[in-house]
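S.K.: Dropping the structure in here first, questions after.
The values are calculated or read from the model by the stated rules, or taken from the named source; none is laboratory data. On a predicted model such as this, the values are computed, not experimentally measured, just so you know. Cβ: placed from backbone, ideal geometry, glycine included. Neighbour counts: every protein chain shown. In case anyone asks, the SASA skips ligands and DNA or RNA and just uses the protein heavy atoms, side chains included. Shrake-Rupley method; radii C 1.70, N 1.55, O 1.52, S 1.80 Å.
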Amino acid sequence: MIMGMPVVPTFARYSLLRRAAGTALLLSLAVQFPMMADSTAGWQEQFEKGEQALKLQGYPAAEACFREAVKQAKRKGNSPDDVARCLQALGGTLQLQDHTEDEYGSTATYKKALKVLKKAHGKDSSQLVPVLVALGTIYENEGTYKNAVKYFEQALAITQKADGPQSLACALLQHRLGRALFKSGAARRAESLYLISLTNMMQQVNLPSTLPLEELLSDYIDLLRKSDRPGVVASRFENELLKDRLSSVDHTRGVSASEFNKEVSGRLALGPSLTIDEQRPEPKGAPPPSDMQPPIFLDRPAPDFAAIDDLSRQRIVFYERMVAVDIDSLGPEHPSVARDLSGLASIYLLKNQYDAAKPFLTRALNIYTKVYGPDYLLTKRTRALLNLISEEKKSADNGGKSGREYVAALVHIPLVAEKFEIALQLNYLALLCCSKGRIDDAAKIYAWALADTAHACGEQSSLVSACLMDYGRVLRGSGRQAEADTMEDDAQVIMRHVLYKQEALAFP
């Protein structure tokens with residue numbers, strides 16, 4: 001908290017709700033500096049009436065009360081802080097009525113409050129910050145960005161000395177200053193301030209809300225999408241990487257697409273489960289295989305392990321019986337036999353019993369290949385699953401990697417930031433930084449993106465694998481080869497696990 005800051009009256013909270021541009025910072029200030037009691041008679045009664053009128057949205061009445069409070073506060077016996085408090089309340093009320101110009105408007109009123117506080121406390125006092133922010137907000141809303149920059153810079157300089165350069169108050173002001181600079185045409189300086197602000201926010205132990213972070217990420221992404229480096233021709237790599245959007249991944253050429261965005265696109269396209277809609281060709285001389293599904297299936301973990309084992313035994317008996325029936329009625333090389341063999345194998349796969357599952361899948365593969373050919377979907381999927389089993393078994397036998405080595409290096413992020421939406425923004429922001437050639441910035445942001453994705457989606461999720469691949473690419477580009485190797489190795493292990501489980505569950 002900035003020590004010695006004057007009280008921010010109730011009107012500020014109403015102003016914040018109306019003006020989104022100043023929401024995060026001014027609301028924070030309003031919370032930090034609540035109303036204080038004052039024993040001085042006269043002006044305080046009018047001040048309280050003005051606040052009551054604000055609650056009822058009676059702005060003209062509130063304005064009249066605050067003007068009277070200013071007159072009474074200027075009388076002998078009242079402090080400069082009392083006068084400044086009343087002027088701030090009047091300025092906020094005028095701002096709510098969009099009365100910002102002329103000598104009676106909110107801009108002139110705030111400047112009077114600023115003059116009073118400077119005379120009483122000096123130009124470097126932290127008590128000036130709320131007034132400086134209010135003036136900066138007015139000029140920003142009016143489009144007078146150079147004036148807004150001037151006041152935000154003063155507020156930031158004072159806050160850095162009072163709260164420290166890594167405080168949340170500084171982060172909020174850095175964002176506000178960066179936005180005003182970007183609007184004034186100073187995009188490169190704004191980008192630098194956005195990164196500093198983001199760094200400060202992500203290092204906070206307790207971030208009260210995700211709203212300031214979401215607004216900052218949105219503005220940061222907007223800046224990178226709209227601005228180009230003057231005098232520098234974009235490389236082909238950058239142009240191709242910028243094509244990598246969720247809606248156009250399939251059209252990307254000349255560069256490996258963002259693994260994270262491809263995974264999100266895949267989820268949006270396929271939905272929560274994998275389905276096969278391809279029309280299967282009919283084998284010559286054989287009736288079409290039955291579409292009957294087994295009546296017993298396990299779709300989620302159960303807390304009773306004895307019941308799980310019993311259910312697995314029931315499924316094994318069911319499929320063994322189905323295999324025998326189909327062989328007797330349709331012959332040993334009918335696709336229905338292959339389907340039942342795959343279902344039997346899937347039970348062992350879900351229990352990680354590779355040796356037991358492999359013979360059944362091998363028999364199923366031979367049937368699919370003979371009946372449908374090597375390029376049919378089920379043939380290719382069965383072959384791919386056998387390859388995954390071989391890799392999984394080899395990795396397990398050799399004490400291979402678990403895909404969790406990266407977890408020990410995860411950076412700290414605020415608890416409230418562990419959200420899928422924030423992870424999406426961070427991944428996209430890092431990709432944009434990479435496409436602009438800001439490799440060091442991209443690496444820093446990918447570190448946060450990876451931690452957020454792991455916390456929000458699970459340490460072994462396919463999205464984490466995709467993020468690890470993108471992060472590894474950036475690390476390799478910055479010369480950090482060993483770290484890149486670790487990230488990419490973990491990504492491959494995780495993706496192999498994910499594909500293995502998906503394929504196992506996709507079989508009958």
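S.K.: Given the protein chains as shown and a 1.4 Å probe, how many square angstrom of Asp310 are accessible, to the nearest 10?
M.R.: Counting only protein heavy atoms, the figure is 70 Å².
S.K.: Give me Rg/Rg_expected for the range 95-218, where Rg uses Cα atoms only and Rg_expected = 2.2 N^0.38 Å with N residues.
M.R.: Details: Rg = 14.8 Å, N = 124, 2.2 N^0.38 = 13.7 Å.
Against the compact-globule rule of thumb, the ratio is 1.08.
S.K.: Here's another thing I want to ask about it. List the trypsin sites (Lys or Arg not before Pro) in the range 114-157 that DSSP assigns to loop (not H, G, I, E or B) and whose Cβ has at most 15 other Cβ atoms within 10 Å. Which are they? Don't skip to the answer; put the middle values down first.
M.R.: On the way: sites: Lys115, Lys118, Lys119, Lys123, Lys146, Lys150; in loops: Lys123.
Passing both the DSSP loop test and the Cβ count: Lys123.
S.K.: Across the range 410-508, how large is the tail of the calculated P(r) beyond 19 Å, expressed as a percent of all Cα pairs? The partial results should precede the final answer.
M.R.: On the way: 2027 of 4851 pairs.
Looking at the range 410-508, the distances longer than 19 Å represent 42 percent of pairs.
S.K.: Sticking with this structure for a sec: Using θ = phi - 60° and the Karplus relation 6.51 cos²θ - 1.76 cosθ + 1.60, list the HN-Hα couplings for the range 424-441 in order, rounded to whole Hz, with x at every Gly or Pro.
M.R.: 4, 5, 5, 5, 5, 4, 4, 4, 5, 4, 4, 5, 8, x, 8, 5, 5, 5
S.K.: For the range 46-114, go through all pairs of different Cα atoms, get the mean of 1/r, take its inverse, and jot down that Kirkwood value in Å.
M.R.: Details: mean 1/r = 0.0859 Å⁻¹.
11.6 Å is the Kirkwood radius here.
S.K.: Output wanted: per-residue J couplings in Hz (rounded whole) for the range 311-316, from phi through Karplus 6.51 cos²θ - 1.76 cosθ + 1.60, θ = phi - 60°, x for Gly and Pro.
M.R.: 5, 4, 5, 5, 5, 4
S.K.: Related question: The range 347-364 to the range 103-163: how many Å between their Cα centroids?
M.R.: 71
S.K.: How large are Rg and Dmax for the range 308-360 when calculated on the C-alpha trace, in angstrom?
M.R.: For the range 308-360, the Cα radius of gyration and maximum Cα-Cα distance read 11.2, 32 Å.
S.K.: Across the range 50-134, how many lysine pairs separated by 8 or more positions, or lying on different chains, have Cα atoms within less than 17 Å?
M.R.: Close lysine pairs found across the range 50-134: 13.
S.K.: Just to be sure I understand the model, the point goes 7 Å from the Cα along the line to the Cβ. What's the resulting Asp124 to Ala384 distance in nm?
M.R.: 6.6
S.K.: Short version: ³J(HN,Hα) in whole Hz for each residue of the range 206-211, in order, from phi by Karplus 6.51 cos²θ - 1.76 cosθ + 1.60 (θ = phi - 60°), x for Gly and Pro, what are they?
M.R.: For the range 206-211, the Karplus-derived couplings read 10, 8, x, 8, 7, 4 Hz, x marking Gly and Pro.
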